[in-house]
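A short worksheet on the structure shown next.
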Amino acid sequence: MADDQQIAQTIRDYITREYADALQGALIDANTPLISSGLIDSLSMVSLKMFLDQTYRVRIPDAEA
């Protein structure tokens with residue numbers, strides 16, 4: 001089973017790959033505000049939620065996204 005650091009790195013890798021245009025080379029970490037910074041929009045959040053659900057079986061209710 002993956003540890004927390006591996007999970008965090010996998011999620012960062014996914015975000016970096018999927019939202020490369022929005023990131024424009026910027027690095028992200030666990031404290032990077034994805035929505036309020038404009039890196040991802042609500043449609044992109046759906047994609048991220050699906051990734052988390054498929055990869056780690058983590059479900060985020062719509063009201064919390």
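The values are calculated or read from the model by the stated rules, or taken from the named source; none is laboratory data. On a predicted model such as this, the values are computed, not experimentally measured, just so you know. Side chains included, ligands, DNA and RNA excluded: accessible areas come from the protein's heavy atoms. Shrake-Rupley method; radii C 1.70, N 1.55, O 1.52, S 1.80 Å.
Its DSSP H runs of at least 4 residues, each contributing -39,500 (n - 2.57), put the calculated 222 nm mean residue ellipticity of the chain at -16000 deg cm²/dmol, to the nearest 500. Carbon-plus-sulfur fraction of the accessible area of the chain, 1.4 Å probe, in percent? Carbon and sulfur atoms account for 52 percent of the accessible area of the chain. A quarter of the convex hull surface defined by the alpha-carbon atoms of the chain gives 4.5 nm² as the mean projection.
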